[in-house]
1. Failed condition for Lys86, given (1) at pLDDT 90 or above; (2) in the same structural domain as Ile162 (by TED's automatic domain parsing), with all others met?
2. Please tell me if Gly370 is small (Gly, Ala, Ser), in contact (Cβ under 8 Å) with a residue 12 or more places away in the chain, under 19 Å from Ala242 (Cβ atoms) and not assigned by TED's automatic domain parsing to the domain that holds Glu507.
3. Among (1) in the same structural domain as Phe100 (by TED's automatic domain parsing); (2) exposed (fewer than 13 other Cβ atoms within 10 Å of the Cβ); (3) at pLDDT below 90, there is one condition Gln187 misses while meeting the rest; what is its number?
4. I'd like the full set of residues that are of a type in the set (Phe, Trp, Tyr) and modelled with pLDDT under 70, limited to segment 1-55.
5. Can you tell me which condition Val223 does not meet? The list is (1) at pLDDT below 85; (2) in the same structural domain as Gln119 (by TED's automatic domain parsing), and all the others hold.
6. Ser81 is checked against (1) assigned by TED's automatic domain parsing to the domain that holds Ile193; (2) in contact with a Cys (Cβ under 7 Å, 6 or more places away or on another chain) and fails just one. What number does that condition carry?
7. Among the numbered criteria (1) β-branched (Val, Ile, Thr); (2) touching a Ser or Thr at 6+ places or on another chain (Cβ under 9 Å); (3) more than 16 Å from Lys398 (Cβ to Cβ), which single criterion is violated by Val267?
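The values are calculated or read from the model by the stated rules, or taken from the named source; none is laboratory data. Quantities reported herein were computed from a predicted structural model and do not represent experimental measurements. Glycine gets a Cβ as well: all are built from the backbone with ideal geometry, and neighbour counts include every protein chain shown.
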Amino acid sequence: MEKTKNNTLTKITGIFQYFAGALMVPIIILVVCGILMGFASPFVNYIFTKGTMAYSIAYFFMSIAQMIMSNLPLWFLVGLSVGIAKKNKGYAALAGVFMFMAFNLVISKNAELAGFTAQTVNVEHLVNDLGYLEADAIIYTKLFKSVLGVYTYDMSIFSSIICGLTAGMAMNKWGDIKLPNLFEFFQGPKFVILLIPLFAVVFGTLSYYLWPMADRALTALSVYISNSGLFGTFIYGVLNRALLPFGIHHLIANPLLYTDLGGTMIVDGIEYAGIRNIENALIGSPTATSCLVRNLTNGRLPQNFGAFPGAALAMYQAAKPENRKKVAAILVPAVFTAAFVGITEPIEFTILLASPALFYLVHVPLSGLGMVLAEACGVALQGFALVFMIPNLLQPQKMHAMALIWMIPLFFALYYFIFKWAIVKFDLKTPGRETNKEIRLNSKREYQESIGLKKADTKETKTEDVSALATAIIEAFGGETNIQTLENCFSRLRVTVKDTASVKEPEYWVDQLEAIGTMQNGNAYQIIYGPKVANLAAAVKEKLNMNNS
């Protein structure tokens, strides 16, 4: 019975990981939005003179960033459709857009049949003609918005999730369907397109009746999160790091970053919803005097710049003297990577494997504390790593970072002394503590289940270039026929396989295939490669002929 429960938990976790990975596909556009807004807005607002060529060019880029924020559901829709679909991804994107437009149209027509249109949905008409209480009328008017020219419910990215999941899952189920010769034109992915109107009518009509209740519940949750203040920030920081080993921490962050759950704010006469949208709006505003304080990323600054160097120094000093040069050779690049691009998995997984107690009882709560202190002290910066913070130099009047002068040394000291004490006291096997063991940063091995994989062989794998590494990765997953799906987020390959027994052990990935770490949930694997993962995933897909699927 216990094994059945564990298998069920593994499957459920795998589903969440798969969805979290798909949810990260559209994030690249939002990263572009932040970069464009951060660089272009100061030139438009303060530096260049209106009417000059330089001003016009900067204004074009800033307008692109504003367009991205104004059409957030569209980017999530396409990204989710492509991310969920395991095949025929181009058709999945087309089906997703078709579903989205039809879905919103059905909601609009349901409202129209009930007498609610752009002309009638106003407080005066609802109160005087339909007998609504004024408070209820105000709430009802906020339900609606024009989305890509259709007057429908303002569901933010929740409509994208419904439509993207529907299109992607339908493509997975019916994308290869065969039909009789008479209907041969509609077989395969075209059959899914044929089904979209049916899905739109069903889900659109259900949403018309159910969304007002969901909206009220989400509003209440949003108010609770907003009113919870620093306690809510602490809970977010704790959950974000605690869920990292399972690869589903994005599910906690994205609703706050891109929906009303993260709050709303009127900036220059326009209401923005979601922490990331509000932050970008403030960065682009000529009147704002500060970036967003509660952006749920500034708390990572004392971690990336203070905590991890402190932990690394503790691990270095705790290593055997003869191993310290080798330990420094792997820890210094890891610390630099955390500070420069915000990729922290190498150090975090090393901590986790050496001592889960140290990770969950020290690192996780201190991560929450970092979020709280940054918010309480009014730290307001764009980005949490050096590469994302360059635009701060262009608008220093909006940045508030003086508290970091003492916060970063504080976290350095906390991590250094606590980690040094714990490593020595409990003889934790951090890098360099064992005499006859190769010195490297550890991977995240199977964290949820014990795994029974075949022993890795000793054959050396050539990884001189991306193409060779891509070939080796395919072989390590048991060959092309064993790979079912392959996607990537910012730092990880996300792969599902048919037979886990054909997949190489975690040590092989780290020792032979240049991986930073590995994770597994049932048939779902995450191989951590850091910033180079996008190029690597493209090379693997090219060899698997997935780019044209």
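1. Status for Lys86: all satisfied but (1).
2. Values: small (Gly, Ala, Ser): yes; in contact (Cβ under 8 Å) with a residue 12 or more places away in the chain: yes; under 19 Å from Ala242 (Cβ atoms): yes; not assigned by TED's automatic domain parsing to the domain that holds Glu507: yes.
Judged against the criteria, Gly370 is a match.
3. (2)
4. Phe16 - this is the single residue of segment 1-55 that is of a type in the set (Phe, Trp, Tyr) and modelled with pLDDT under 70.
5. Only one criterion in (1) at pLDDT below 85; (2) in the same structural domain as Gln119 (by TED's automatic domain parsing) is unmet by Val223, namely (2).
6. Unmet for Ser81, out of (1) assigned by TED's automatic domain parsing to the domain that holds Ile193; (2) in contact with a Cys (Cβ under 7 Å, 6 or more places away or on another chain): (2).
7. Of (1) β-branched (Val, Ile, Thr); (2) touching a Ser or Thr at 6+ places or on another chain (Cβ under 9 Å); (3) more than 16 Å from Lys398 (Cβ to Cβ), only one is false for Val267: (3).
Okay, residues lined up against (1) over 20 Å from Val267 (Cβ atoms); (2) buried (at least 18 other Cβ atoms within 10 Å of the Cβ); (3) in contact (Cβ under 8 Å) with a residue 40 or more places away in the chain; (4) of a type in the set (Phe, Trp, Tyr):
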residue	(1), (2), (3), (4)
Ile28	yes, no, no, no
Cys33	no, yes, yes, no
Met37	no, yes, yes, no
Gly51	yes, no, no, no
Ile57	yes, no, no, no
Met62	no, yes, yes, no
Met67	no, no, no, no
Ser70	no, no, no, no
